[in-house]
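Working notes, beginning with the structure itself.
The values are calculated or read from the model by the stated rules, or taken from the named source; none is laboratory data. Remember, predicted model here, so these are calculated numbers, not experimental data. Ideal geometry is used to build each Cβ from the backbone, glycine not excepted, and the neighbour counts take in all protein chains shown.
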Ligand code: HPA
């Protein structure tokens, strides 16, 4: 079956389960799934019930699509994402975002947990992504291009919508946080980086490093969806602090900033319509 047919089969199943037409899409990153409770009147669809969605494996990822409202804005929230490091094909990683785009979202908020490289970043910071560097080793658009999705050579000169960056910055100030913008760099993982790799990534212009988001952002832009991104800095990158890295630290920090993260998204999402 062609990719476009698979996408439209998923769209059809979601429309039958929930009539709501979402305007904004949200992807909740590692340990950030708690925001799902802020979606009102939500219809929850487990990924397993959506045609062509894969099953989710990593701890901290629930694996369901929520359709409901946040501050009156109709939203589609992906609670749990597929990571390339899990062994999924990159087409399966970006499939849910493509489905949301065909479901009719005009904008997409991508969130993730990331390691802080920039000297101004501290664990617990919520960094506004202003650009990305794709070092995953692959591009999700490789292969035959389907013009029904987007152009062969999509522009990537402003992936993270400048207006949305300002919306997030204003919301940060409203909740009493300083707005920090930075460049997110994606590697495939799943091992964390070595200190030498982090020194290299700093030299390349990265402020934060993680294992997701970039393929989804590329596909959303390919399909003409406006994109915003927030990285929850859960730890300092390898070698920046003396401490060894652990997934536990990542989930603990994400949990610590949970209430600010939720307040931020509740302010930002209604302004992304
Ligand atoms: N490196 C890569 N991915 C991450 C990190 C990190 O330090 N923290 C959270 N996700």
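Go through 172, 248 for me and flag whichever is away from the ligand (no atom under 11 Å from the Cβ) and modelled with pLDDT under 95.
248
What are the residue pairs meeting all of these: first residue in the range 231-257, first residue under 15 Å from residue 198 (Cβ atoms), second residue assigned to a strand (DSSP E or B) and more than 9 Å from the ligand (Cβ to nearest atom), Cβ atoms under 8 Å, and 6 or more apart or on different chains?
233/126; 233/127; 235/241
Count, please, the residues in the range 216-240 that happen to be in a strand (DSSP E or B) and more than 10 Å from the ligand (Cβ to nearest atom).
Number satisfying all stated conditions: 5.
Which fully enclosed strands (runs of 3 or more DSSP E) of the range 88-203 have 1 or more residues being free of Cβ contacts under 8 Å to residues at least 60 places away in the same chain and surrounded by 15 or more Cβ atoms within 10 Å (Cβ to Cβ)?
Of the strands (runs of 3 or more DSSP E) lying wholly inside the range 88-203, those with at least 1 residues that are free of Cβ contacts under 8 Å to residues at least 60 places away in the same chain and surrounded by 15 or more Cβ atoms within 10 Å (Cβ to Cβ) span 126-134, 181-186.
Answer yes or no: is there a residue in the range 31-51 that is farther than 29 Å from residue 264 by Cβ and part of a loop (DSSP other than H, G, I, E, B).
yes
Could you list all residues from the range 204-215 that are more than 10 Å from the ligand (Cβ to nearest atom), outside any helix (DSSP H, G or I) and surrounded by 18 or more Cβ atoms within 10 Å (Cβ to Cβ)?
Matches in the range 204-215: 206, 207, 213.
Restrict the check to the range 63-86 and report whether at least one residue is more than 17 Å from the chain's Cα centre (by Cα) and without any contact (Cβ under 8 Å) to a residue 24 or more places away in the chain.
no
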